[in-house]
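Inspection log for the structure reproduced underneath, given as structure tokens.
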Amino acid sequence: MDKNMLGDLDNLPEEDKLRMNTMIEQLQIRDSLRMYNNLVERCFTDCIDNFRRKNLDKQEETCVRRCAEKWLKHSMRVGLRFAELNQGAATQDEVPSSK
Amino acid sequence: MDKNMLGDLDNLPEEDKLRMNTMIEQLQIRDSLRMYNNLVERCFTDCIDNFRRKNLDKQEETCVRRCAEKWLKHSMRVGLRFAELNQGAATQDEVPSSK
Amino acid sequence: MDKNMLGDLDNLPEEDKLRMNTMIEQLQIRDSLRMYNNLVERCFTDCIDNFRRKNLDKQEETCVRRCAEKWLKHSMRVGLRFAELNQGAATQDEVPSSK
Amino acid sequence: MAANRITPQQVNRDQIFGMAEKEMEYRVEMFNKLTQTCFAKCVENRYKESELNMGENSCIDRCVSKYWQVTNLVGQLLGNQGPM
Amino acid sequence: MAANRITPQQVNRDQIFGMAEKEMEYRVEMFNKLTQTCFAKCVENRYKESELNMGENSCIDRCVSKYWQVTNLVGQLLGNQGPM
Amino acid sequence: MAANRITPQQVNRDQIFGMAEKEMEYRVEMFNKLTQTCFAKCVENRYKESELNMGENSCIDRCVSKYWQVTNLVGQLLGNQGPM
């Protein structure tokens, strides 16, 4: 659906393209802020279980760093695979479409 | 609150009703897309635990189908019960209101 | 970022301040409604496990009351601590900023 | 999201629409949480069949009823001391 | 959020933008759920190192593939009887 | 959501408002996640009483402090290599 939609929009006047770009930009900002929040929540949940001190100790810090790095690598890999599948669905007809 | 609100809006000019309808429509679209995402996530989480192949096997597919069907039936039943309760709250006075 | 942003906005015309206030108000309404939903979900999940009757029994009701009260006290305490940290980050330079 | 000139009146109408929107979002979210919570509490999740059995169905009915009551109870508590 | 006068045409264009927005939100949400689900299924969460090992990497690839297939399968079911 | 004519200037102001809105949404979401996570980590959930005891209170304080530090730490990492 989005593809046809965006196709249609190519023919729309400049001000609509501008509006569309603003919208996409806004969604991207929101998405990266959400991703940040989710990453913090996940690494905190997995790494922090001791509340006898108010500061992170070395071990907790290491755990959080690794968690965040692993998450970013994971997220990038998923992004690549996801893009391949999206592309496949867009070009091949024998693959059942996702919509 | 929404009932009074919608009551008020009945008296508003045509363009406001139009705007209201657009809003409701948009929320419904968003809701059904979210529901779709949630359903996929749930059935995937419950049914897929083996990652030695990249394609679903027969058993996984059956599990996903049943999961989705059960979910839809469940969701419809909840909708019916929920509507009854909403209606009861709107017409009876002895029932404590939800707001 | 928001601080500079809000700083800039102080210099903007009245109608923008009005718009900003409306936006903040809307976010607060949404946030308190979400909080209400989350609280109900949590206390229901923690307190209700028996579905042989359709009405809450005394014990379940007590559990829900305590859960909600504890949550509110917890939430207030977190708010205080969070505000202290936010303030510390805004006034001290040795503390690494959150952004 | 865009307007050339916003009058106080305009903002007022936007506020009304905004509140109606938030209220509807709230109801949708409540329904979704209720649906998910009762699914988790009542429905057998190994999916041996695609029908809900009698036990699951009556569990669902009672779950919805109790969820509704918890919503009212919590609403009363919030009305008395706080953010709602 | 604000407008002095809304014509039916205007609402139409708003609807198109609104639908495009919802569609994109849906894709972002799907990607995020997929990412979180596959992280939970595939990545060792005691974080002994900061690299993904070979087993984790191939698990991730298959997880994405299967998630995609489940999305299509559920989409077909919804298309046949309901809300999508 | 509606406008008869959008000028580049208008879009610019919408962008500023949009970013401020996203930033606020982010802070609210962070606060909510922090509140939920620390409740799960610190508060006894059989609800034998409606008061937080001393142990729970000091756990909450430390939990908030550590959550804040994790937020900063992850923010630094993202600043160095990525999406933030």
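The values are calculated or read from the model by the stated rules, or taken from the named source; none is laboratory data. This is a predicted model, so every value here is computed, not measured. In this analysis, Cβ positions are derived from the backbone assuming ideal geometry, glycine residues included, and neighbour counts consider all displayed protein chains. These accessible areas exclude ligands, DNA and RNA; they are computed on the full protein's heavy atoms, side chains included. Shrake-Rupley method; radii C 1.70, N 1.55, O 1.52, S 1.80 Å.
Being over 30 Å from residue A:18 (Cβ atoms), open to solvent by 40 Å² or more (accessible area, probe 1.4 Å) and either among the basic types (Lys, Arg) or at pLDDT 95 or above (or both) is a condition met by no residue of the range E:6-13.
Going through (1) at pLDDT 90 or above; (2) open to solvent by 50 Å² or more (accessible area, probe 1.4 Å); (3) in a helix (DSSP H, G or I) one by one, residue B:55 falls short only on (3).
Under the condition of being open to solvent by 20 Å² or more (accessible area, probe 1.4 Å), facing chain F (nearest Cβ under 7 Å) and among the β-branched types (Val, Ile, Thr), the residues counted in the range A:16-51 number 2.
Listed conditions (1) open to solvent by 10 Å² or more (accessible area, probe 1.4 Å); (2) more than 8 Å from chain A (Cβ to nearest Cβ); (3) in a helix (DSSP H, G or I) are all met by residue E:65, apart from (2).
Filter the range E:32-47 for residues that are of a type in the set (Lys, Arg) and at pLDDT 95 or above and give the result.
Correct list: E:33, E:41.
Number of residues in the range A:63-90 that are open to solvent by less than 50 Å² (accessible area, probe 1.4 Å), at pLDDT 95 or above and more than 22 Å from residue E:59 (Cβ to Cβ) equals 1. Each residue in the range B:52-77 was checked for being charged (D, E, K, R), within 7 Å of another protein chain (Cβ to nearest Cβ) and under 21 Å from residue E:40 (Cβ atoms), and 2 of them qualify. May I ask you to verify whether residue A:13 is of a type outside the set (Asp, Glu), at pLDDT below 95, open to solvent by 50 Å² or more (accessible area, probe 1.4 Å) and within 30 Å of residue F:17 (Cα to Cα)? Spelling it out, residue A:13 is indeed of a type outside the set (Asp, Glu), at pLDDT below 95, open to solvent by 50 Å² or more (accessible area, probe 1.4 Å) and within 30 Å of residue F:17 (Cα to Cα).
Can you go through D:25, D:29 and tell me which one is open to solvent by 40 Å² or more (accessible area, probe 1.4 Å) and at pLDDT 90 or above?
On the way: D:25 fails: open to solvent by 40 Å² or more (accessible area, probe 1.4 Å).
Going through D:25, D:29 in turn, the sole match is D:29.
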